[in-house]
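Notes follow the structure.
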Amino acid sequence: MSETLTKSAARNIFYGGTAFFFVIFVGLVAHSVSTVNEMAINHPVTPSVARGKEVWEKHACIDCHTIMGEGAYFAPELGNVWVRYGGRDDAAGARESLKLWVKNQPSGIEGRRQMPHFDISEPDLDALVDFFKWTSEVNTQNWPPKVSG
Amino acid sequence: MKYESQKVALYYIAGALGLFVAQILFGLVIGTIVVVPNFLSELLPFNIARMIHTNALIVWLLMGFFGSAYYLIPEEAETELYSPKLAIIQFWLFLFGAAAAVVGYLFHIHEGREFLEQPLWIKLVIVVVALMFLFNVSMTVLKGRKTAITNVLLLGLWGIAVFFLFSLYNPSNLILDKVFWWWVVHLWVEGVWELVMASILAFLMIKLTGIDREVVEKWLYVIIGLALFSGILGTGHHYYWIGLPAYWQWIGSVFSTLEVAPFFAMVVFTFMMVWKGGRSHANKAALLWSLGCSVFAFFGAGVWGFLHTLAPVNYITHGTQVTAAHGHLAFYGAYVMINIAMFTYAMPNLLKREPYNQILNMWGFWITSSGVTFMTFALTFAGVVQSHLQRVLGMGFMEVQEQLGLFYWMRLGAGVVTFVGVVLIVWSLVVPGRAKAAARAAIQPAE
Ligand code: HEM
Ligand SMILES: [Fe+2]
């Protein structure tokens, strides 16, 4: 490497540059967080949505499914499952179908991936569906491209 | 090995290798569930086996980093470790935490965020383990010689601990949860872990090639500068579609593209040092792993990362098997290989053996690397087909998966090959070479 760059210069550039980029990053994240909080005014995380997220985490659904594209790739994307189940046109119908789906697992179909049975109470199932509905309403810059997820 | 206290590294290397085998075994289990879906579906559901697979990986890599640091730091600082006893207690506590997590998972006791499934109390144990470790190595460096290598290594290790604290924060707003989840995941592997990787690589270069320290250390600062200048804002490549403003598409695309630079620099660095160094060290296997590490990290993180990092591409491939392909090659190339490079270098010194099982170790290198490479290709093809069918044509997820069976079988085959390679690696590191055993028998007088 060139003789003009000394080790201490390289070190100082590293520290200075890292601090510089980290400050910018923190600033941008702070701005992003403020936009998220603003969105939450009209699109609040209700106690039921929060409970739904807890149910989601209790059973580690994330280690089979993706949500907004993150998680495991074993089972369908659920960030927009509310939309896929027609929740935008028929909220009551979508709610029933989603709850029924979870209750009816596993399918037991030979040669098809299985979702386990989870004992989830009726109010918790409703909370879970509220969580899916809330998630489907986040402005994801139009992701996923198709309703198939 | 110059300092008695470096020996504590043996605990960590042994623990890491054990968990490495467990990681691959659970990988085989989930690889099998994918192609034979009714396999174990009641007893050990996919999600449980997967969290064991991923957690075992992360824990053994961290354990390897700890062990590497305990080997490297006394030698660099030219002083005994501050407290070998504390290091041993730390090891058992960490192993206990890891074992408790796994047993808990098997009984469905876990939290529910990807990679951070450990129950709160285990996360706190990990924090305590990290503090014990940081105290120990920091005190060692403070009383000894301070080099750029220990400096960067400590910075990386402190960073690991600091960013891990974000795992304790779980807001009920899913968007904010994701924003800070990436502060652990991305700022680890594309931030502070790179500091650890680069500093270990620099240490190995000095030892294996005999190159001048001044040159290596200047490179080291340049490499980690490239890593953090790009990697910090590169976090933006995870902020495209999770409910954040659209500006991240520009920031993430530009800066994460630049993340290729440090990985490329590491390839140039390692090959230049070997070229210029001119020393022919007896431990050829350690050199092979070191060079392999920079090359595979460049392909896994750099090339496969770039493949899907631009926002318009990521829009289509996000959360498909393309991501899985990249995740495997990147973790293998960068962090599995840096650990095995260090173990391969350190083990003969720690055990006062000649590096005898080198040939077997190098077979392990080629077989494991072939396995992971083939797996990466299988998953990449699967991912491209999946992206097209599901994201362009709009076919349903399960329908698409049925089209991918062949790729998943190839992935499982590649996994079996990987497992064979891993067994060879572990064997070559743990079991004394036959030549050595024979030599010892010949030298030692009958008693
Ligand atoms: C050694 C370093 C790296 C490791 C270990 C690594 C590992 C991973 C893993 C495991 C994931 C999946 C995370 C999840 O579960 O959602 C991921 C995602 C991703 N990585 Fe990396 N990565 C590395 C470096 C890079 C680099 C340098 C780039 C860009 C050039 C990159 C680009 C990406 C992108 C764009 C995603 C998101 C994929 C998606 O949208 O689904 N990675 N990485
Ligand atoms: Fe990333």
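Residues that are more than 7 Å from chain B (Cβ to nearest Cβ), part of a helix (DSSP H, G or I) and more than 21 Å from residue B:181 (Cα to Cα) within the stretch A:14-52 comprise A:15, A:16, A:19, A:20, A:41, A:42, A:47, A:48, listed in sequence order. Restricting attention to the stretch B:390-406, the residues being more than 9 Å from chain A (Cβ to nearest Cβ) and touching a helix residue (DSSP H, G or I) at 6+ places or on another chain (Cβ under 6 Å) number 1. Only one entry in B:282, B:202 is under 30 Å from residue B:1 (Cα atoms) and open to solvent by less than 20 Å² (accessible area, probe 1.4 Å), namely B:202.
When the residues of the stretch A:62-83 are filtered to those that are more than 7 Å from chain B (Cβ to nearest Cβ), crowded, with 22+ Cβ neighbours inside 10 Å and more than 11 Å from the chain's Cα centre (by Cα), the one that is farthest from residue B:396 (Cα to Cα) is A:82.
Considering only the stretch B:186-203, I want to know if a residue exists there that is of a type in the set (Asp, Glu) and away from ligand 1 (no atom under 13 Å from the Cβ). Taking every residue of the stretch B:186-203 in turn, none turns out to be of a type in the set (Asp, Glu) and away from ligand 1 (no atom under 13 Å from the Cβ).
Hey, does the stretch B:48-70 have a residue that's part of a loop (DSSP other than H, G, I, E, B) and not basic (Lys, Arg)? No - not one qualifying residue is present in the stretch B:48-70.
Quick test for you: out of B:253, B:294, pick the one residue that is among the hydroxyl-bearing types (Ser, Thr, Tyr), more than 8 Å from ligand 1 (Cβ to nearest atom), touching a helix residue (DSSP H, G or I) at 6+ places or on another chain (Cβ under 7 Å) and within 14 Å of chain A (Cβ to nearest Cβ).
B:253
Among residues belonging to the stretch B:171-185 that are away from ligand 1 (no atom under 14 Å from the Cβ) and more than 8 Å from chain A (Cβ to nearest Cβ), point out the one that is surrounded by the fewest Cβ atoms within 10 Å (Cβ to Cβ). Once the filter is applied, the top-ranked residue is B:171. For the stretch B:210-234, give me each residue that is within 16 Å of ligand 1 (Cβ to nearest atom), open to solvent by less than 40 Å² (accessible area, probe 1.4 Å) and more than 7 Å from chain A (Cβ to nearest Cβ). B:223, B:227, B:230, B:231, B:234, listed by residue number.
The values are calculated or read from the model by the stated rules, or taken from the named source; none is laboratory data. Small disclaimer: the values here were computed from a predicted structure and weren't measured. Note: ideal-geometry Cβ built from the backbone for every residue, glycine included; neighbour counts use all protein chains shown. SASA here: full protein model, heavy atoms, side chains in, ligands and nucleic acids out. Shrake-Rupley method; radii C 1.70, N 1.55, O 1.52, S 1.80 Å.
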